[in-house]
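The block underneath contains the structure these notes are about, expressed in C-alpha coordinates.
The values are calculated or read from the model by the stated rules, or taken from the named source; none is laboratory data. If you're wondering where the values come from, they're calculated on a predicted model, not measured in any experiment. Positions of Cβ are backbone-derived with ideal geometry, glycine not excepted, and every protein chain shown enters the neighbour counts. Areas reflect the complete protein model, heavy atoms only, side chains present, ligands, DNA and RNA absent. Shrake-Rupley method; radii C 1.70, N 1.55, O 1.52, S 1.80 Å.
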Amino acid sequence: DMLLGLTVRDLDAQAFNRYALPASTRGVLITRVEPLSAASEAGLQRGDVLLEINRKAVASVADYRRAAGAARVGDILTLFLYAPEAGQRQLKTLRVDDR
(Lines give C-alpha, C1' and ligand atoms only; values in the text may rest on other atoms or scores of the structure.)
Protein backbone atom coordinates (compact mmCIF):
# COMPACT_ATOMS: atom_id res chain seq x y z
CA ASP A 1 0.00 0.00 0.00
CA MET A 2 1.84 3.06 -1.25
CA LEU A 3 -0.23 5.56 0.71
CA LEU A 4 1.37 4.47 3.98
CA GLY A 5 4.52 2.99 2.46
CA LEU A 6 4.07 -0.46 3.98
CA THR A 7 3.94 -3.99 2.67
CA VAL A 8 2.36 -6.42 5.15
CA ARG A 9 1.45 -10.10 5.31
CA ASP A 10 -0.60 -12.28 7.63
CA LEU A 11 1.22 -13.82 10.57
CA ASP A 12 2.12 -17.49 10.20
CA ALA A 13 4.08 -20.03 12.23
CA GLN A 14 7.30 -18.99 10.52
CA ALA A 15 6.84 -15.37 11.60
CA PHE A 16 6.06 -16.41 15.19
CA ASN A 17 9.24 -18.52 15.29
CA ARG A 18 11.54 -16.10 13.51
CA TYR A 19 10.55 -13.09 15.60
CA ALA A 20 9.79 -15.01 18.83
CA LEU A 21 6.36 -13.41 19.04
CA PRO A 22 4.13 -13.87 22.09
CA ALA A 23 1.51 -16.54 21.31
CA SER A 24 -1.31 -14.05 21.86
CA THR A 25 -0.07 -11.70 19.11
CA ARG A 26 -2.75 -10.78 16.54
CA GLY A 27 -1.64 -8.51 13.74
CA VAL A 28 0.13 -8.32 10.42
CA LEU A 29 3.86 -8.58 9.81
CA ILE A 30 5.54 -5.61 8.14
CA THR A 31 7.72 -7.09 5.38
CA ARG A 32 8.76 -3.86 3.68
CA VAL A 33 8.91 -0.16 4.55
CA GLU A 34 9.33 2.13 1.55
CA PRO A 35 12.26 4.54 1.97
CA LEU A 36 11.16 8.16 2.55
CA SER A 37 7.53 7.08 3.05
CA ALA A 38 5.22 8.14 5.86
CA ALA A 39 5.86 4.77 7.55
CA SER A 40 9.62 5.19 7.28
CA GLU A 41 9.44 8.69 8.77
CA ALA A 42 7.30 7.32 11.62
CA GLY A 43 10.05 4.84 12.47
CA LEU A 44 8.32 1.62 11.44
CA GLN A 45 10.65 -1.25 10.60
CA ARG A 46 10.56 -4.51 8.74
CA GLY A 47 9.72 -7.25 11.23
CA ASP A 48 7.45 -5.05 13.35
CA VAL A 49 3.95 -6.44 13.86
CA LEU A 50 1.15 -3.96 13.26
CA LEU A 51 -1.61 -4.60 15.84
CA GLU A 52 -3.98 -1.64 15.50
CA ILE A 53 -4.62 1.43 13.37
CA ASN A 54 -6.52 4.19 15.19
CA ARG A 55 -7.53 1.71 17.91
CA LYS A 56 -9.06 -0.73 15.45
CA ALA A 57 -7.56 -4.23 15.47
CA VAL A 58 -5.58 -5.22 12.37
CA ALA A 59 -5.73 -9.02 12.53
CA SER A 60 -5.31 -9.68 8.81
CA VAL A 61 -4.12 -8.15 5.57
CA ALA A 62 -7.80 -7.52 4.72
CA ASP A 63 -8.16 -5.49 7.94
CA TYR A 64 -5.02 -3.54 7.04
CA ARG A 65 -6.25 -2.80 3.52
CA ARG A 66 -9.59 -1.60 4.90
CA ALA A 67 -7.93 0.76 7.38
CA ALA A 68 -5.31 2.00 4.93
CA GLY A 69 -7.92 2.44 2.21
CA ALA A 70 -10.01 4.66 4.49
CA ALA A 71 -7.05 6.94 5.19
CA ARG A 72 -6.87 10.25 3.38
CA VAL A 73 -3.87 12.45 2.62
CA GLY A 74 -3.16 14.62 5.64
CA ASP A 75 -4.73 12.20 8.14
CA ILE A 76 -2.79 11.43 11.30
CA LEU A 77 -2.94 7.71 12.11
CA THR A 78 -2.03 6.19 15.45
CA LEU A 79 -0.36 2.82 14.96
CA PHE A 80 0.00 0.32 17.79
CA LEU A 81 2.66 -2.24 17.07
CA TYR A 82 4.85 -4.88 18.59
CA ALA A 83 8.56 -4.40 17.97
CA PRO A 84 10.32 -7.78 18.38
CA GLU A 85 13.78 -6.18 18.57
CA ALA A 86 12.70 -4.11 21.56
CA GLY A 87 10.45 -6.88 22.90
CA GLN A 88 7.70 -4.36 23.56
CA ARG A 89 4.60 -2.72 22.20
CA GLN A 90 4.91 0.79 20.87
CA LEU A 91 2.67 3.61 19.66
CA LYS A 92 3.72 5.51 16.55
CA THR A 93 1.96 8.32 14.75
CA LEU A 94 2.02 8.53 11.00
CA ARG A 95 0.93 11.37 8.77
CA VAL A 96 -0.53 10.10 5.50
CA ASP A 97 1.25 11.74 2.57
CA ASP A 98 0.57 11.75 -1.14
CA ARG A 99 3.83 10.34 -2.46
Where does helix 61-70 land angle-wise versus the long Cα axis of the chain, in degrees 0 to 90, nearest 10?
20
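Given 0.36 nm per residue, what is the gain on full extension from PHE16 to GLN90 after removing their alpha carbon distance, in nm?
Numbers: separation 74, 0.36 × 74 = 26.64 nm, distance 1.82 nm.
Full extension from PHE16 to GLN90 adds 24.8 nm.
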DSSP-assigned coil residues among trypsin sites (Lys or Arg not before Pro) in region 18-97, each with at most 10 further Cβ atoms within 10 Å:
ARG55, ARG72
How much area per residue is accessible in region 4-99 when the probe is 1.4 Å and only protein heavy atoms are counted (Å²)?
57
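Normalising by the residue count of the chain, find the relative contact order in percent from Cα pairs under 8 Å and 6+ residues apart. Spell out each step's value before the answer.
Values: 197 pairs, mean separation 28.7, N = 99.
Normalised by residue count, the contact order of the chain is 29 percent.
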The chain, dipole about Cα centre (Lys/Arg Cβ +1, Asp/Glu Cβ -1), debye to the nearest 20:
160
Could you work out how far the C-alpha centroid of region 1-51 sits from that of region 53-93, in angstrom?
9
Run the numbers for ALA59 and THR78: contour at 0.36 nm per residue of separation, minus the present Cα-Cα distance, in nm.
5.2 nm
How much of the accessible area of region 1-81, probe 1.4 Å, is carbon plus sulfur, in whole percent?
51
Give me the net charge of VAL33's neighbourhood, meaning all other residues with Cβ under 9 Å from the Cβ of VAL33; Lys, Arg count +1, Asp, Glu -1.
0
